[in-house]
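What follows draws every value from the coordinates through simple rules; no lab data is involved. Remember, it's a predicted structure, so these values are computed and weren't measured experimentally. With ideal geometry, Cβ positions are generated from the backbone for all residues, glycine too; neighbour counts draw on all protein chains shown.
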Amino acid sequence: MMKKLALPIVLFTLAGCSSIDQGPQGGHDVSWYLHHQKKMTQEVTWCKNSADRSGLDSCQNANKAQDKALAYNANKTLHSLGKELS
């Protein structure tokens, strides 16, 4: 009986550790968002829905990741055209 209860208790406890107040995809660093761009977009959208959220770590990280992704794509596009972004 105890073994049957152990897993649900552990999962419930771990679920309480997530950063719900940091957004739907909150609690991640810039690198994570760069590797999960769909979730990054969800987080950025959530952050933009309220000015109060702009100071949250997850919003700052998601925005930094989005900026890096856009800069990377811009450089890649310009490089393919034979130009460099200065």
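Magnitude of the charge dipole for the range 24-86, about its Cα centre and with charges confined to Cβ atoms of Lys, Arg (+1) and Asp, Glu (-1), is about 220 debye. By the count of neighbouring beta-carbon atoms within 10 Å, fewest first, Ser80, Ser54 end up ordered Ser80, Ser54.
Placing dummy labels 7 Å off each Cα toward the beta-carbon, the span from Lys68 to Leu81 is 2.5 nm.
For the pair Trp32 and Lys48, the difference between a 0.36 nm per residue extended length and the Cα-Cα distance amounts to 3.8 nm.
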